[in-house]
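Q: The structure under discussion is supplied below as C-alpha cells; questions concerning it will follow.
Nothing in this text is a laboratory measurement; each read-out follows from the coordinates by a stated rule. This structure is a prediction, so every number in the text was calculated from the model and none was measured. When we count neighbours, we look across all protein chains shown, and the Cβ atoms used for this are built from the backbone with ideal geometry, even at glycine.
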C-alpha cells in the first residue's frame, strides 16, 4: 500500500460522532494531523502477510458450547 491517504475533516467529524467525542472546531485540524500520523503505520501493514496462530472465536445464537 504505497499511497498515503490523508484524513479529511469530514472523516474526523464522522469518527467523532461514531464514538461520541466532542472536540472544539478550532482543534480539528490538529486532531486530523495527529490521527493521520497515528494511522500511517496501521495502513501500511499488510495483514495478509501475518500468519494466524489461533482459530477465530465463533459465537452461536443458541448459546452453550459449539463443536
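Q: In whole percent, what relative contact order does the chain give with Cα contacts below 8 Å and a gap of six or more residues?
A: Worked out over the chain, it gives 36 percent.
Q: Now a separate question. Nearest 10 degrees, 0 to 90: what angle lies between the long axis of helix 9-19 and the longest principal axis of the chain (Cα atoms)?
A: It works out to around 50 degrees.
Q: Okay, moving on. Pulled fully out, how much extra length does the chain show between residue 48 and residue 34, if you take 0.36 nm times their separation in residues and subtract their Cα-Cα distance?
A: 2.4 nm
Q: Here are several values of volume of the Cα convex hull per residue in Å³: (i) 183; (ii) 85; (iii) 148. Which one was derived from the coordinates shown?
A: Step by step, volume of the Cα convex hull per residue in Å³ for this structure corresponds to label (iii).
Q: For n ≥ 4 DSSP H runs only, could you compute -39500 (n - 2.57) per run for the chain, divide by its residues and tell me the 222 nm figure to the nearest 500?
A: Calculated mean residue ellipticity at 222 nm is -13500 deg cm²/dmol.
Q: While we're on this one: Arrange 25, 6 by Cβ neighbour counts within 10 Å, fewest through most, would you?
A: Listed from fewest to most nearby Cβ atoms, that is 25, 6.
Q: Quick one: angle between helix 28-44 and the longest Cα principal axis of the chain, in degrees between 0 and 90, rounded to 10, please.
A: 40 degrees
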